[in-house]
1. Would you order 170, 34 from fewest to most other beta-carbon atoms within 10 Å of each residue's own beta-carbon?
2. Which angle between 0 and 90 degrees, to the nearest 10, do you get for helix 184-195 versus the longest principal axis of the chain when only C-alpha atoms count?
3. Can you give the helix-only mean residue ellipticity at 222 nm for the chain, where every DSSP H stretch with n ≥ 4 adds -39500 (n - 2.57) and the sum goes over all residues, rounded to the nearest 500 deg cm²/dmol?
4. Tell me the relative contact order for the chain as a rounded percent, counting alpha carbon contacts under 8 Å between residues six or more apart.
5. Can you give the relative contact order of segment 15-117 as a percent, counting alpha carbon pairs under 8 Å and 6+ residues apart?
6. Taking the Cα atoms only, what angle lies between the long axis of helix 86-102 and the longest principal axis of the chain, rounded to 10 degrees?
7. Using 1/(1 + (r/R0)^6) with R0 = 22 angstrom and r between the beta carbons of residue 46 and residue 14, what's the FRET efficiency to the nearest 0.05?
8. Please give the contour-minus-distance gain from residue 199 to residue 93: 0.36 nm per residue of separation, less the Cα-Cα distance, rounded to one decimal in nm.
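No value in this document is a laboratory result; all are computed from the given coordinates. These figures come from a predicted structure and were not determined experimentally. Cβ: placed from backbone, ideal geometry, glycine included. Neighbour counts: every protein chain shown.
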Ligand SMILES: Nc1nc2c(ncn2[C@@H]2O[C@H](COP(=O)(O)OP(=O)(O)OP(=O)(O)O)[C@@H](O)[C@H]2O)c(=O)[nH]1
Ligand SMILES: [Mg+2]
């Protein structure tokens, strides 16, 4: 897929204020600091599009980016950020869970996993939650430039094995590096393919809804 345009549309804390669900949408989520915003910038080829930071917890809102006037990338706050109070964390979890569970145009949850780490409980729990909700997801392993390809393959294999204790089959996996532009064609190719099957939810497709 060629990226012709990528623009920031809105930041939200309220589900009711999200753009109408008339275009296919992909949510990028993972632990705080895993590299979500960097990956979005790498995929779109726009360095400053999503704000990145060395301090975990940078992304605090649901951010919508419109790509090629045709589909959305959504940058979500990272989970597992220790320095947020417990009640705030619960509020966030609820908000994100509602978004993921109810968003009609959400085509796939892109779960980002740090390729340097052994399977983390919080990542596995999140994948299991997606499974319980019947939400489609893929795994994107990040920061592959930080170690050898052999080590990355080992991490991927361990994660798949851990998932197979609760899943019958493992989802599609992508290995990426935002530093080295690794995995860009693969991830965009996947999105492009899913986009072709998108249908506008019936209500929004009616003349009434279109105004
Ligand atoms: N070497 C390397 N560093 C990366 C890569 N991706 C992200 N980083 C670094 O990791 C840090 C966090 O990146 P972000 O993209 O801000 O992470 P995030 O997941 O959006 O973080 P929050 O919004 O805080 O949850 C930054 O210092 C990035 O430069 C990568 O592929 N390779
Ligand atoms: Mg971020």
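1. Final ranking by Cβ density, sparse to dense: 170, 34.
2. With both axes taken from Cα atoms, the answer is about 40 degrees.
3. Rounded to the nearest 500, the figure is -10500 deg cm²/dmol.
4. Details: 339 pairs, mean separation 50.1, N = 211.
Computed over the chain, the figure is 24 percent.
5. 40 percent
6. In the chain, helix 86-102 runs at an angle near 60 degrees to the longest axis.
7. Efficiency for this residue pair is about 0.25.
8. Details: separation 106, 0.36 × 106 = 38.16 nm, distance 2.83 nm.
Roughly 35.3 nm would be gained on extension.
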